[in-house]
1. For segment B:161-169, state whether one or more residues are among the aliphatic types (A, V, I, L, M) and either assigned by TED's automatic domain parsing to the domain that holds B:Gln28 or more than 30 Å from B:Thr72 (Cβ to Cβ) (or both).
2. Pick from B:Arg71, B:Arg111, B:Arg25: which is part of a strand (DSSP E or B), modelled with pLDDT of 95 or more and basic (Lys, Arg)?
3. If B:Arg54 passes every condition in (1) in contact (Cβ under 8 Å) with a residue 12 or more places away in the chain; (2) within 14 Å of another protein chain (Cβ to nearest Cβ) but one, which one does it miss?
4. Hey, B:Val36 hits all of (1) in contact with a strand residue (DSSP E or B) (Cβ under 8 Å, 6 or more places away or on another chain); (2) modelled with pLDDT of 95 or more; (3) of a type in the set (A, V, I, L, M); (4) loosely packed, with under 15 Cβ neighbours inside 10 Å but one; which does it fall short on?
5. If you go through segment B:166-186 one residue at a time, do you hit one that is within 14 Å of chain A (Cβ to nearest Cβ), modelled with pLDDT of 95 or more and assigned to a helix (DSSP H, G or I)?
6. Where residues in segment B:203-228 are buried (at least 22 other Cβ atoms within 10 Å of the Cβ) and touching a Ser or Thr at 6+ places or on another chain (Cβ under 7 Å), which of them is farthest from the other protein chains (Cβ to nearest Cβ)?
7. Of all residues in segment B:202-218, which are touching a strand residue (DSSP E or B) at 6+ places or on another chain (Cβ under 7 Å) and over 16 Å from B:Ser136 (Cα atoms)?
8. Going through segment B:143-165 one residue at a time, which ones are of a type outside the set (Lys, Arg), outside any loop (DSSP other than H, G, I, E, B) and surrounded by fewer than 20 Cβ atoms within 10 Å (Cβ to Cβ)?
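The values are calculated or read from the model by the stated rules, or taken from the named source; none is laboratory data. These numbers were taken from a predicted model, which means no experiment stands behind them. Here the Cβ is made from the backbone with ideal geometry for all residues, glycine too, and neighbour counts use every protein chain on show.
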Amino acid sequence: MGSENLHEAAEALSSETKDTHRAITSLVEELEAIDWYNQRAEACTDADLRAILVHNRDEEGEHAMMMLEWLRRKNPLFEATVRTYLQSTGPITEVEKQMKAEGEGGEAPDASGSPPSLGIGSLKIETSSKG
Amino acid sequence: MDLLKRSIAPILPDAWKAIDAEAKRVLQLNLAGRKVVDFKGPFGWKFAAVNTGRLAMLPSGPIADVASGVRTVQPVVEMRTPFVLDIMELDTVARGADDPKLDPVIRAAERIARAEDTAIFYGYEAGGIQGLVSASPHAAVVVGAAADWPRGIVRAKEALRSAGVGGPYALACGRKAYDELASESEDGGYPLRKHIERNVLEGPIIWAPAVVDGAVLLSTRGGDFELTVGQDLSIGYAFHDRTAVELYLTETFTFRVLEPTAALLIKRS
């Protein structure tokens, strides 16, 4: 069984939603693993064992970030929030307000509440023919 | 407040929405280059140049036995085109009008779309941009009559294939070429444009008013042509008096031809 945590019948869900569920579940597991290894490393008394646990914990950090990046690429919600909060500076609770004020990245609304750019972006027409 | 200074314009939010929506509609109709080239960005106002990865060697270093070079970059061009709107007309939107007169928005959107596409297709030397038609090493294919378009496109595709440029392909048509393809029919009465799209080109025909001398066949496989945008197309505020407000459409961008052989001009004689 892939996952027992679906909240709706699998037949009612799209493959995108199920893949997102898999990724979120995996991300949760990776973050839990970091927590567990962190606690074990701190509590254990053998230095060699601690080194291994710390190594494993750091590996889980990589796995978690890879999963987060997958979610960012696939999901507009993650894309927007990652751009806003990750690698920001200053008080985290002020980041969103600061972004709006500065119009960073050309995408946040300005003080009038309107988007500073018209949001045209790419208009490229995707075709499958190989000619 | 940012560079666009929209928050100090005497324009109500609903009127801003109407202006933005009209500009976006016209831009999406008129911008042809963005429908066929790769797009990078938008990177915002602070983005100044594209890293070309190249080094321009200097004739001598600061001291003996030290070679030096300067990293070359391609700076973005900042374009701006103004337009004036009647404040009373804009206020009608707040009173419920759903047909404000926004002709100046339409003209400005057409102008900046034409400017961007002219730079993409023919280049803009003063801005350090080489266009994909100007960069193409292929001799133009000449089409003598409307009925010759399919054969001309086949020859052009063959020229690209011979240069190692695979598809999918698209055809960016100037006004006259597009009108001709749209209005002509094959012997059996089947529209020429549809026949070309489905059976000859196997890709889209794009309305590209900036193309002035026929049509451009190009590969859309990716990696050949790159439009890099800093601040994407935006409307800003310049100034106002008692009756009118001057706004402008602006953007920062540059364009690079990475594979010159991936486009070919088809001229209509």
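1. So far as segment B:161-169 goes, no, none of its residues is among the aliphatic types (A, V, I, L, M) and either assigned by TED's automatic domain parsing to the domain that holds B:Gln28 or more than 30 Å from B:Thr72 (Cβ to Cβ) (or both).
2. B:Arg71
3. (2)
4. Only one criterion in (1) in contact with a strand residue (DSSP E or B) (Cβ under 8 Å, 6 or more places away or on another chain); (2) modelled with pLDDT of 95 or more; (3) of a type in the set (A, V, I, L, M); (4) loosely packed, with under 15 Cβ neighbours inside 10 Å is unmet by B:Val36, namely (4).
5. For segment B:166-186, residues within 14 Å of chain A (Cβ to nearest Cβ), modelled with pLDDT of 95 or more and assigned to a helix (DSSP H, G or I): absent.
6. So, considering only residues that are buried (at least 22 other Cβ atoms within 10 Å of the Cβ) and touching a Ser or Thr at 6+ places or on another chain (Cβ under 7 Å), the one farthest from the other protein chains (Cβ to nearest Cβ) is B:Ala210.
7. Kept after step one, since they are touching a strand residue (DSSP E or B) at 6+ places or on another chain (Cβ under 7 Å), are these residues of segment B:202-218: B:203-208, B:211, B:213-218.
B:Gly203, B:Pro204, B:Ile205, B:Ile206, B:Trp207, B:Ala208 - these are the residues of segment B:202-218 that are touching a strand residue (DSSP E or B) at 6+ places or on another chain (Cβ under 7 Å) and over 16 Å from B:Ser136 (Cα atoms).
8. Within segment B:143-165, B:Ala146, B:Ala147, B:Asp148, B:Pro150, B:Val154, B:Glu158, B:Ala159, B:Ser162 qualify.
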